[in-house]
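Everything below concerns the one structure shown next.
Just so you know, all these numbers are worked out from the coordinates, no wet-lab data involved. The structure displayed is predicted, hence computed values, not measured ones. Ideal geometry is used to build each Cβ from the backbone, glycine not excepted, and the neighbour counts take in all protein chains shown.
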Amino acid sequence: MFLKGKKRSPGDVREATILYKWLKVGRVYWVFDWDNDRIAMVATPGGGSPPVRLTGDNVALGNFLSKQFDGRYPGASQRANIARFLKDASISPSAVIGTPEFLNAQRRSFDEWLQKREKNPEVFAKLCTGIVGREDKNEWQLQFNVFNPRGGVDLLTASGTISPLTIRELKVEVVKPRGEFSYPLEG
């Protein structure tokens, strides 16, 4: 999908920094592992530091985000940007957050989404809960559903401290298993 027209080989790399316009420090890359059908997010944090894998490393992911926001969780104004970044690093850049805006954009293509096991458009709609976030004292939390390219839906929950910005927990739980939905956004 991302390297259309190019021969796929293990370790294909695509710079993705431009997709995160809010980044202040460093660069972001997607490293493709075609044999295992995975994409890892890797960053060069800047300042001469070596590249660091963000996928699967909550400390590295939190440190990289902290550099972008001067060491402090930015709050509601950046909620969607942080959610997308966490989704890309944890699930897949081609996955989509289930927001009301996404639901409205897909209304004309429900038939395409409902070609697999799940046939009820109301079930699809109920999964588009948006990004729920909260900040309380020195804690932040985000929670949202993600439609993944395998036709499943995952719940991503992340939490940490506001200052300094950390990620204490980032977990992905299956809400709908692979193959529940068709995924018409691929390719």
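For the chain, what is the relative contact order in percent, using Cα pairs closer than 8 Å and at least 6 residues apart in sequence?
Numbers: 343 pairs, mean separation 33.2, N = 187.
Relative CO of the chain lands at 18 percent.
One equal scatterer on each Cα of the stretch 31-107, no solvent, Debye formula: the resulting log10 I(q)/I(0) at q = 0.13 Å⁻¹ is -0.48.
Angle of helix 58-68 to the longest C-alpha principal axis of the chain, folded into 0 to 90 degrees and rounded to 10: 70°.
If you plug the beta carbon distance of Val132 and Tyr20 into 1/(1 + (r/R0)^6) with R0 = 22 Å, you get a FRET efficiency near 0.55.
Relative intensity of the stretch 60-157 on a log10 scale, I(q)/I(0) at q = 0.16, 0.20, 0.25 Å⁻¹, equals -0.71, -1.00, -1.39, per a Debye sum over C-alpha point scatterers of equal strength in the absence of solvent.
The modelled label-to-label distance between Gln143 and Lys171, using points 7 Å beyond Cα along the C-beta direction, is 1.1 nm.
Which value does Rg/Rh take for the chain over its C-alpha atoms, Rh per Kirkwood?
Working: Rg = 16.9 Å, Rh = 17.3 Å.
Across the chain, the Cα-based Rg/Rh ratio is 0.98.
Taken about its Cα centre, the stretch 12-176 carries a charge dipole of roughly 260 debye when the Cβ of each Lys and Arg holds +1 and the Cβ of each Asp and Glu holds -1. With K and R counted +1 and D and E -1, the other residues having a Cβ less than 15 Å from that of Lys137 yield a net charge of 0. Mind checking which of Gln78, Gln141, Gln68 has the largest fluctuation in a GNM of the chain, springs on alpha carbons under 10 Å? Result for the chain, Cα springs under 10 Å: Gln78 fluctuates most.
In the chain, taking the dipole from charged Cβ atoms about the Cα centre, the farthest positive-side position among Leu61, Gln141, Val172 is held by Leu61.
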